[in-house]
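Here is the structure we will look at, set down as structure tokens.
The values are calculated or read from the model by the stated rules, or taken from the named source; none is laboratory data. These figures come from a predicted structure and were not determined experimentally. All Cβ positions, glycine included, derive from the backbone under ideal geometry; neighbour counts span all protein chains shown. These accessible areas exclude ligands, DNA and RNA; they are computed on the full protein's heavy atoms, side chains included. Shrake-Rupley method; radii C 1.70, N 1.55, O 1.52, S 1.80 Å.
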Amino acid sequence: KQKTAYEIYQCDWSSDVCSSDLLAILMREMFVFTQKSKEAVEQQTMIPPLPENFKRIITAKKTDESLDTSIFNSHALNYMRNLEKLYNVEKANQRNQFNNIITSCVVCHENFCGGPIKRIRKFYIGKK
């Protein structure tokens, strides 16, 4: 039996059962996390905890298996570094760091799957 997208989304990310998960599913989860994080940064409240499964961005199965994984992986690592920095900067610098995260997403999507760039840019805080 083939899993539904919901079943894949809900599965245990630490197991090999999910090795066939598509990167697109992880991206959707990142989108929701980014919405919540933006609200927290704007309201200067606590940023949601970093989901552990985001670290699977490099190993998640890509929709397009022909992607140059070395280039993708460098973008993914940059995203993760920027995301982790968000938790370590002073509140006064969170907005700039959040925007660095969004920039890392835009740069990656300029190289891969450009479709959501317009949606991603809407996350910038204080930029038009």
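A few points about this structure:
- Residue list for the stretch 34-79, restricted to those being in a loop (DSSP other than H, G, I, E, B) and either touching a residue at least 60 places away in the same chain (Cβ under 8 Å) or of a type in the set (D, E) (or both): D64, E65, D68
- Among the residues of the stretch 80-94, the ones that are assigned to a helix (DSSP H, G or I) and acidic (D, E) come to 1 in all.
- Positions within the stretch 59-79 being in contact with a helix residue (DSSP H, G or I) (Cβ under 9 Å, 6 or more places away or on another chain), open to solvent by 20 Å² or more (accessible area, probe 1.4 Å) and over 14 Å from F112 (Cα atoms), in sequence order: K61, L77, N78
- If you check I71, I120, I57, I101 for being hydrophobic (A, V, I, L, M, F, W, C) and in contact with a His (Cβ under 7 Å, 6 or more places away or on another chain), only one passes: I120.
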